[in-house]
1. Which residue fluctuates most in the GNM of the chain (Cα springs below 10 Å): A31, A76, A119?
2. Where does the longest stretch of the chain lie that holds no trypsin sites (Lys or Arg not before Pro) found in a DSSP loop with 16 or fewer other Cβ atoms within 10 Å?
3. Please rank S132, S38, fewest neighbouring Cβ atoms within 10 Å first, as an exposure proxy.
4. So what is the relative contact order for the stretch 4-115, in percent, with contacts set as C-alpha pairs under 8 Å and at least six apart?
5. Once amide H atoms are built 1.01 Å from N in the peptide plane, which residues 5 or more positions from I63, or in another chain, come under 5 Å H to H?
6. Among H120, H103, H13, which comes first, second and so on when ranked by fewest other beta-carbon atoms within 10 Å?
7. Assuming a ≥ b ≥ c are the square roots of the Cα gyration tensor eigenvalues, decide whether the stretch 1-82 counts as rounded (a/c under 1.5), prolate (otherwise, with a/b larger than b/c) or oblate.
8. Looking at the P(r) of the stretch 49-115, how many percent of alpha-carbon pairs lie beyond 19 Å?
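Read-outs: derived from the displayed coordinates by stated rules, not from any lab. Small disclaimer: the values here were computed from a predicted structure and weren't measured. Reconstructed Cβ throughout: ideal geometry from the backbone, glycine too, with neighbour counts over all protein chains shown.
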Amino acid sequence: MYQIVDYQKDDFHTTSDPRKIDIDAVCSLLAKSYWANSRERDTVIKSLENSLCFSLFHKERQIGLVRVITDGATYAYLCDVIIDEEYRNKGLGTWFFECVMKHPDLQDLRRWSLVTKDAHEFYKKFGFSDLSNPEKYMEKFNG
């Protein structure tokens, strides 16, 4: 459905190939997050199967994930952006996110959105900003 892209930087590589996702590694990463620490394995698998996912590897070990929910034409919601704590603050997040943002199937989207508790400054480097019209946005949250 979506083009598979691969990028290499030293001992690190990223891919959008869904066959390369290490489910155990992803579940472990998400279990340490504030937003998905109680997400069931079956839910993680279903979410991965229905999204455009990017995996970050150090050699053969998966150390990161970005999940994009998109129609591939007009809109993308960015979620489950995570890198193993051991690899943070080394510039990998910026490189990884640059790889995501240059995916050919995501180039002509009209709007991107995301929700973050503490990474606003990181995303601003990529053109994200606070909602210009928050009064227009609604949500239904089921826990």
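1. A119
2. After excluding every exposed loop site, the longest remaining stretch is 1-31.
3. In order of increasing Cβ crowding within 10 Å: S132, S38.
4. Once normalised by length, the contact order is 24 percent.
5. L56, F57, H58
6. So the residues, fewest neighbours to most, are H120, H13, H103.
7. oblate
8. Pairs farther apart than 19 Å: 32 percent.
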